[in-house]
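The values are calculated or read from the model by the stated rules, or taken from the named source; none is laboratory data. Keep in mind the model is a prediction, meaning the values are calculated, not measured. Virtual Cβ from ideal backbone geometry, glycine too; neighbours counted across all protein chains shown. Just so you know, the surface numbers come from the protein's heavy atoms only, side chains and all, with ligands and any DNA or RNA stripped out. Shrake-Rupley method; radii C 1.70, N 1.55, O 1.52, S 1.80 Å.
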Amino acid sequence: MYKTNRVTKKKKNNNNNNNRIDKKFYELKRKNEKALICYVVAGFPDIMSSEHIITSLINGGADIIEIGIPFSDPIADGSTIQYAIQKSLISGTTPDMCLELASRIRKTFTNVPLIIMTYSNILYRKGYIQFAKKAKECGIDGFIIPDIPMEESKEYLNAMQNIGMSTIFLVSPNTAEKRLKMISRICTGFLYAISVYGTTGERQGFDEYTIESIKRVKKVTAAAANGLPLAVGFGISNPKHVRYMINAGADAVIIGSAIIKKIQEIENKETLLNTLNRFIYELKNSCK
Amino acid sequence: MKKYNFPFNGKFGNFGGKFIPETLVPAIEELEESYKKFTKDSNFKKELKEYLENYAGRPTPLYFAKNLTEYVGGAKIYLKREDLLHGGAHKTNNTLGQCLLAKKMGKKRIIAETGAGQHGVGTALASAVLGLECEIYMGLKDTERQKLNVFRMKLLGSKVHPVKSGTQTLKDAINEALRDWITNVENTYYVIGSVVGPHPYPMIVRDFQSIIGKEIKKQIRKINGTLPNAIVACVGGGSNAIGSFYPFISDQEVSLYGIEAEGSGIKTGKHSATLAAGSSGILHGMQTYLLQDKMGQISATHSISAGLDYPGVGPEHSYLKEIKRVNYKSCTDDDAIKAFVILSEKEGIIPALESAHAISYGMKLAKKMKKSEDIVITLSGRGDKDVEVVQNYLNGIRD
């Protein structure tokens, strides 16, 4: 597997010129801003609403959008996202519908990086290569697959890297130093550091170990060949959390469950879109 | 056949592997190392043997079912009596092994999933005797159809968490146990109940369950000096089947039959016959055959037996199907109920509904075989837990 390292580096350089994720981080760095990454479950509450929700997030100041393709057995997700995924599946959302959603967003927002987050079986079922190609056509820039660790990534990496798709890997507070370095070598776009032990979902606060973990990961990403950006996710839901992660060294923060919760709670669509817009505006302000 | 030596690098051919979130990687690595270390340790082996023999009652008998043999009128039918093992099923072989391993690793907290509740009971009793704290995840639907086992787990000092997500059965109980493990990875040991999940679990559970097949080999040789012509076992995740088959894999003259749950029939779509009707995919940390739709969403399954109601199967079974070493067949709810009644009436043994699937196919197979031949059916568990479900079924009440 480690043989792929050389290939990765070469591809990384090729991508630098035209990959929206790399461009976005470059641009933000010049402005001395951090990136706000927003996650939504596609098809929750329905696919049409997802388009409006994403539009409102981007207009509110989201720098990067993660589109979650629902999978029936989301083991890395807590109850909020599980609920949204289940509702989305019941309403009939398919992976193709999610890619078409991305394609529509792409037409309006030509520069905003769009990333797919889903589980391995959704890609495996269609075939890694076929899925990657279709996603590329729809304007997707990268993938986050929480159940493909480094050891199982060969086929996935080949499919993605051949077409210049970013492969974002996750690291955890318990990921060993040596492993961190190996992961940062196969990871492109940004590295996704999980803030806590646990699944996705809002938290009251964070323990000391979160800060230590971010600092430890930051050392590795800062030393990586192209200065791999570091994004922190899981449990972040307010401006205070955002500052906390940025102060620890995050180049980006990821907001997921907090958005989903608002979608779940606010029934009136206009109120929802306005609320999300304001919510994201505040969070983005904390990234500056 | 070449020497069968799997898993190789965590895989059984193309199946298996460890498709897990990053947080679990250190835990899985620690498990693999500890397993290697302790299974070579003579004290560990001695202690486990002591528990298996004097606490759980091994070896279990290999019983010649004379009445059933006469009733069927074919090959001689032997029953491997895992129903007599402490706890009421073969599950105890694995739970004692894994809980002892957990204790040696210094883990204080045990979690497990359960379908029919047998693995839950097995984990609860092993935790009790070894002084470990234990929490069990069980699908809400399963807690309702296996009430007796829920109470047994509680009596044994375990906490039972009903799982309300997804299909509320075994699949979702595993999801929830994995989420707990991700959250409490530092102090928790996850005792998986079947030959499923990420490597090294399919190997560990197989190794602990292989005592079934080793005993069968020894016992049948003692009876008639040869190996059996066929071995039949039911397959949900497939732990009692692998346990029965594994010591015979290189003995080509022994035919092996794994029996899946066909529920209301494969054509109805209400079944759990993963190997018969599924396709390759990734779930619960492993690549294996799955029941899934065209998009890769995992299907809802059905079986009257909660222990077989699972859309996946152990990766080693997927491999053994692919290399055609094991024949995988299936048996409907109706046929399993018939076998349940027949075994009760003819031999005075009430089998678990899971095992009744193996009994049903075993009888069909025995009928086609010569009287001079021998067939071993693994009776994986006893059926006390199922009497209410069977009574309802016979009265026309179905879930």
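Structure notes:
- Per-residue HN-Hα couplings for segment A:244-261 [Karplus 6.51, -1.76, 1.60; θ = phi - 60°; Hz; x = Gly/Pro]: 4, 6, 5, 4, 6, x, 5, 8, 7, 10, 10, 10, x, 4, 4, 5, 4, 4
- Centroid-to-centroid separation of segment A:143-197 and segment B:238-302 [C-alpha atoms, Å]: 31
- 5 angstrom amide H check on A:VAL171, placed H, neighbours 5+ away: A:TYR192, A:ALA193, A:ILE194
- Looking at chain B, the accessible area is 36 square angstrom per residue; that uses a 1.4 Å probe and ignores ligands, DNA and RNA.
- 10 Å Cβ neighbours from other chains, averaged over peptide A:145-156: 5
- For chain B, calculated [θ]222 nm from helices alone, where every DSSP H run of n ≥ 4 adds -39500 (n - 2.57): -12500 deg cm²/dmol
- The chymotrypsin sites (Phe, Trp or Tyr not before Pro) found in segment B:1-106 that occupy coil by DSSP, while having at most 16 further C-beta atoms within 10 Å, are B:TYR4.
- Computed extension length for A:ILE211-A:ASP96: 37.5 nm, one decimal, from 0.36 nm per residue of separation with the Cα-Cα distance subtracted.
- Average beta carbon contacts from partner chains per residue of B:288-297, 10 Å cutoff: 5
- Total charge dipole magnitude, segment A:6-285, about the Cα centre, Cβ charges on Lys, Arg, Asp, Glu only, Debye to nearest 20: 1240
- Scattering curve values for segment A:217-283, log₁₀ I(q)/I(0), Debye with Cα scatterers, q = 0.14, 0.19, 0.26 Å⁻¹: -0.51, -0.76, -1.08
- Filter on B:LYS46/B:LYS76; A:LYS261/B:LYS159; A:LYS219/A:LYS261; B:LYS66/B:LYS217; A:LYS87/B:LYS270 - keep pairs with C-alpha separation over 26 Å: B:LYS46/B:LYS76; A:LYS261/B:LYS159; A:LYS219/A:LYS261
- Of all DSSP beta bridges confined to the protein assembly as shown, the antiparallel ones make up roughly 20%.
- Residue by residue, segment A:64-73 carries 3J(HN,Hα) couplings of 9, 10, 9, 9, x, 8, x, 10, 4, 10 Hz when phi is fed to the Karplus relation 6.51 cos²θ - 1.76 cosθ + 1.60 (θ = phi - 60°); x denotes Gly or Pro.
- Altogether, the Stokes-Einstein calculation at 4 °C and 1.567 mPa s, with the Kirkwood radius of the protein assembly as shown over Cα pairs as Rh, returns a diffusion coefficient of 50 µm²/s.
- For segment B:324-335, backbone phi angles converted through the Karplus equation (6.51, -1.76, 1.60; θ = phi - 60°) give residue-by-residue couplings of 6, 7, 10, 8, 9, 10, 9, 9, 7, 3, 4, 5 Hz, Gly and Pro being listed as x.
- Rg(Cα) / (2.2 N^0.38 Å) computed for segment A:6-285, rounded to two decimals: 0.92
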